[in-house]
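The structure appears right after this line, and notes come after that.
Here, each number is a calculation from the coordinates, and none is a lab measurement. Bear in mind that the values here come from a model prediction, so they are computed numbers and not experimental data. Note that each Cβ is placed from the backbone with ideal geometry, even for glycine, and that neighbours are counted across all protein chains shown.
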Amino acid sequence: MTSDSRRTVALQHLAALCAVDPDRRPGSVGNLAATDYAAAVLTNAGWEVKQPEFDCLDWYTDGGSVEINGQSVKLTPSPYGLGVEATAPR
């Protein structure tokens, strides 16, 4: 396989993983689809793949916002970030 064909295959895999709908957040249906895709690719390449099951809560957010000088900016918090509600002096 040439380096160009390896690059093409890598880009195809990357595109497939980036196209998971709606996203790949931990515990989500999209995350399961992405791990199943990776397992299938590796299995087809001759690798032995094990997919141990474990409980993982899906993560949802209603979003967030920050207000600076009277201007509000919408945020999308990380599933790994801790929540905060704070007010700072002006």
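Looking at the stretch 60-80, which of its residues are exposed (fewer than 10 other Cβ atoms within 10 Å of the Cβ) and either among the small types (Gly, Ala, Ser) or in a strand (DSSP E or B) (or both)? Give the derivation first.
Of all residues in the stretch 60-80, those exposed (fewer than 10 other Cβ atoms within 10 Å of the Cβ) come to 60, 62-63, 65, 67-74, 76, 80.
Scanning the stretch 60-80 gives 63, 65, 67, 68, 70, 71, 72, 73, 74.
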* Asked: Applying the selection to the stretch 19-66, what residues are under 17 Å from the mean Cα position of the chain (by Cα), of a type in the set (S, T, N, Q) and over 23 Å from residue 80 (Cβ atoms)?
  -> none
* Asked: Only one residue in 19, 33, 45 is aliphatic (A, V, I, L, M), in contact with an Asp or Glu (Cβ under 9 Å, 6 or more places away or on another chain) and within 28 Å of residue 6 (Cα to Cα). Which one?
  -> 33
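Out of 40, 33, 16, 10, which single residue is touching a Phe, Trp or Tyr at 6+ places or on another chain (Cβ under 8 Å), outside any strand (DSSP E or B) and either on the phi < 0 side of the Ramachandran plot or surrounded by 10 or more Cβ atoms within 10 Å (Cβ to Cβ) (or both)?
Numbers: 40 fails: touching a Phe, Trp or Tyr at 6+ places or on another chain (Cβ under 8 Å); 33 fails: touching a Phe, Trp or Tyr at 6+ places or on another chain (Cβ under 8 Å); 10 fails: touching a Phe, Trp or Tyr at 6+ places or on another chain (Cβ under 8 Å).
Exactly one of 40, 33, 16, 10 is touching a Phe, Trp or Tyr at 6+ places or on another chain (Cβ under 8 Å), outside any strand (DSSP E or B) and either on the phi < 0 side of the Ramachandran plot or surrounded by 10 or more Cβ atoms within 10 Å (Cβ to Cβ) (or both), namely 16.
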* Asked: For the stretch 15-25, does any single residue satisfy the condition of being of a type in the set (Val, Ile, Thr) and more than 25 Å from residue 76 (Cβ to Cβ)?
  -> no
* Structure fact -> Output for Cβ contacts, cut-off 8 Å, separation at least six or different chains, first residue within 19 Å of residue 28 (Cα to Cα) and without any contact (Cβ under 8 Å) to a residue 60 or more places away in the chain in the stretch 46-71, second among the hydroxyl-bearing types (Ser, Thr, Tyr) and assigned to a loop (DSSP other than H, G, I, E, B), reads 58/28; 59/28; 61/76; 63/76
